[in-house]
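S.K.: This structure is in structure tokens; I'll ask about it shortly.
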Amino acid sequence: MFESAELGHKIDKETFKVEEPKLRAALLEVQEQLRADASFPVVILISGVDGSGKGETINVLYEWMDPRFLSTHAFYAPTAEERARPSMWRYWRALPPKGRVGIFAGSWYSHPIAERVSNDISRADFDQRMDQLNRFEAMLVNEGALVLKFWVHLSKDAQRERLKSIETNPLTRWRVTKASWDRLKTYDKLQEVAGHLLRTTNTPWAPWIIVEGTDDRYRSLTVGKTILDALQKRLADKRDQNSPVAPPLSPRIDRLDVLSSLDMTQSLTKKVYETELATWQARLSELMRHPDFKKRALILAFEGADAAGKGGAIRRVMSAMDARQYQIIPIAAPTEEERAQPYLWRFWRHMPRLGRVVVFDRTWYGRVLVERVEGFCSTADWLRAYSEINDFEHDLWHAGGIVIKFWLQISDEEQLKRFEERAQVEHKRFKITEEDWRNRDKAGAYHEAICDMVDRTSSGTAPWTLVESNDKYFARVKVLRTICERLEKELKVDPVKQPRMVIATTAKAESVQEVAARESPGATPDGARQSKAQRAKEARAEKARAGKAAKAAKDDQSGEVTERASPAA
């Protein structure tokens, strides 16, 4: 893997003096074209062994290019804030916008390499991580990014000599530490790990460029010309960078799907609703204060039909939590800043730290719903979004996040009724817009998109919960109950000690007391017969009461006799 980077590549001074000015001028020109075009970002990874000249390479790029439109990010051991969030969070935040160049000195590969060299993770775990990074880079490329990955290589002897050279120079001595010499001792292990990494992550969309780092002039010209050629080719290529990755789901012949199979008649009376609401809100409040929740984060995602009651459900959930513990993120059309980044960037930036809650009112599923139906993105964009969203949610779960997703569904008739009511109520008129009425004309397309979304993104770690919302009382209780039961499962705590409510599908629902009495161990349909154990228990109790009564009567009789035998006062 590293043979061609150990041949002793060199560039003499005269050649460098001739080539450098031309390269600098060309880089500045192409950088200006990139900024004016602003159709894609450039992500440059500079990795390699210690002492190979990674820092000098970055300094040269800042000298040759316009530094105003460059950004460099160095990643060391995660900070306390970074450890409290998913591992990719800090890299997402550092991604450059379209038209800019971002240089990563140490990248998403650094930490896995260090863990593997020190045997903190197994080969299987390392390979799984590399597979995740391949999909991450594929997402960046599909979003339009140009990803260039450089590995600056030195042989073991060359690394030793370079460390000595740097250490003897008073101006650069500070760069060589004891850790640098310690890592030289693990050179062979690093080469084994790095070779495996380069083979498994050398993809067609983001290949590795291995550069020998022995000669500074050769290294600088090689990196500079590679960046120039890649930018020139990309700017000249006006073809669509995306292509469909999978066909849509086949049509449903019998017209039965996850939405049409919902029982929309389910409801609760107000009295039962108030009892259930208080029960589940109290339970949620307890779970939020559970000691183990400090090691987890809660991500609540609310989607649903217009006027389905998302806002009301969110308010009932939030009223059970400490306002300092959660944040509500309303999602609307992306801003200019958000459009300059990969699609999921604006959601990654709001991910909560451990022990906190974030509630999304509309979510990252807009790409496979609104953007798909309205034509705001290409077919390739929303088709590949399914796998990207699944990876995104898996990363959140792997980092301790509990992702709970709700789709609130109402019938067309109920939606029309609520639209008309909103138009008549002064403080609700803002909720109804022309777009809401227009969306009713595309109900069929949205129905198909929703079913595809549920089928392709309901996973074991982030399943969808479909909520029948024709009755708001029923919907709010179901949302609260789902959150509590999922938290109980994730935190491994005992379920709430409360009889589970049997929801009536008719207009009249049973009370909590009636359900409890009917489902008690001794209950029967007519309330007349009792279980054998219950009858035996009551018989024992009756016998004990009879014994106490007999004893009391005997004591009274004895007292009477004593009183008659005593002399008068």
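S.K.: Looking at D455 and the list (1) under 29 Å from G144 (Cβ atoms); (2) charged (D, E, K, R); (3) surrounded by 18 or more Cβ atoms within 10 Å (Cβ to Cβ), which single condition is not satisfied?
M.R.: With respect to (1) under 29 Å from G144 (Cβ atoms); (2) charged (D, E, K, R); (3) surrounded by 18 or more Cβ atoms within 10 Å (Cβ to Cβ), D455 is out only on (3).
S.K.: Residue pairs, Cβ under 9 Å, 6 or more apart or interchain, first in the stretch 273-290 and more than 21 Å from V357 (Cα to Cα), second in a helix (DSSP H, G or I) and modelled with pLDDT under 95. List them.
M.R.: From residues that are more than 21 Å from V357 (Cα to Cα), the pairs are T275/V512; E276/V512.
S.K.: Scan the stretch 16-40 for residues that are farther than 18 Å from Q232 by Cβ and out of contact with any helix residue (DSSP H, G or I) (no Cβ under 8 Å at 6 or more places or on another chain) and jot them down.
M.R.: Answer for the stretch 16-40, where residues must be farther than 18 Å from Q232 by Cβ and out of contact with any helix residue (DSSP H, G or I) (no Cβ under 8 Å at 6 or more places or on another chain): K17, V18.
S.K.: Within the stretch 279-293, work out how many residues are part of a helix (DSSP H, G or I) and either touching a Cys at 6+ places or on another chain (Cβ under 6 Å) or over 11 Å from V317 (Cα atoms) (or both).
M.R.: Qualifying residue count for the region: 10.
S.K.: If you go through the stretch 304-353 one residue at a time, how many are part of a loop (DSSP other than H, G, I, E, B) and not aromatic (F, W, Y)?
M.R.: Selection size over the stretch 304-353: 26.
S.K.: Okay, moving on. Quick check on my filter: what residues within the stretch 317-335 are of a type outside the set (D, E, K, R) and more than 21 Å from W348 (Cα to Cα)?
M.R.: V317, M318, S319, A320, M321, A323, listed by residue number.
S.K.: Next question, about the same structure. Which helices (runs of 4 or more DSSP H) sit wholly inside the stretch 1-118 and have at least 2 residues that are modelled with pLDDT of 95 or more and open to solvent by less than 30 Å² (accessible area, probe 1.4 Å)?
M.R.: It comes to 13-37, 54-64, 89-93.
S.K.: Further question: Within the stretch 142-162, count every residue that is in a helix (DSSP H, G or I) and either over 30 Å from Q232 (Cβ atoms) or touching a strand residue (DSSP E or B) at 6+ places or on another chain (Cβ under 6 Å) (or both).
M.R.: Of the residues in the stretch 142-162, 7 are in a helix (DSSP H, G or I) and either over 30 Å from Q232 (Cβ atoms) or touching a strand residue (DSSP E or B) at 6+ places or on another chain (Cβ under 6 Å) (or both).
S.K.: What is the residue count in the stretch 354-363 for residues that are open to solvent by less than 30 Å² (accessible area, probe 1.4 Å), under 19 Å from K294 (Cβ atoms) and part of a loop (DSSP other than H, G, I, E, B)?
M.R.: The total comes to 1.
To keep it simple, each residue is scored yes or no on (1) assigned to a helix (DSSP H, G or I); (2) more than 22 Å from K310 (Cα to Cα).
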{"position": "Y365", "(1), (2)": "yes, no"}
{"position": "C377", "(1), (2)": "no, yes"}
{"position": "E388", "(1), (2)": "yes, yes"}
{"position": "E393", "(1), (2)": "yes, no"}
{"position": "V403", "(1), (2)": "no, no"}
{"position": "N439", "(1), (2)": "yes, no"}
{"position": "A449", "(1), (2)": "yes, no"}
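S.K.: Within the stretch 175-208, count every residue that is under 24 Å from E3 (Cα atoms) and open to solvent by 40 Å² or more (accessible area, probe 1.4 Å).
M.R.: 13
S.K.: Now for a different question. Just give me the residues in the stretch 433-478 being within 25 Å of the chain's Cα centre (by Cα) and polar (S, T, N, Q), in sequence order.
M.R.: Scanning the stretch 433-478 gives T457, S458, S459, T461, T465.
S.K.: Can you name every residue in the stretch 152-174 that is surrounded by fewer than 15 Cβ atoms within 10 Å (Cβ to Cβ), of a type outside the set (S, T, Y) and within 17 Å of R219 (Cβ to Cβ)?
M.R.: Hit for the stretch 152-174 is E161, nothing else.
S.K.: Any residue at all in the stretch 142-151 that's small (G, A, S) and surrounded by fewer than 17 Cβ atoms within 10 Å (Cβ to Cβ)?
M.R.: Looking for residues that are small (G, A, S) and surrounded by fewer than 17 Cβ atoms within 10 Å (Cβ to Cβ), one finds at least one in the stretch 142-151, hence yes.
The values are calculated or read from the model by the stated rules, or taken from the named source; none is laboratory data. This structure is a prediction, so every number in the text was calculated from the model and none was measured. Every residue, glycine among them, receives a Cβ derived from its backbone with ideal geometry; neighbour counts consider all protein chains shown. We work out accessible area using only protein heavy atoms, side chains counted, and drop any ligands, DNA or RNA first. Shrake-Rupley method; radii C 1.70, N 1.55, O 1.52, S 1.80 Å.
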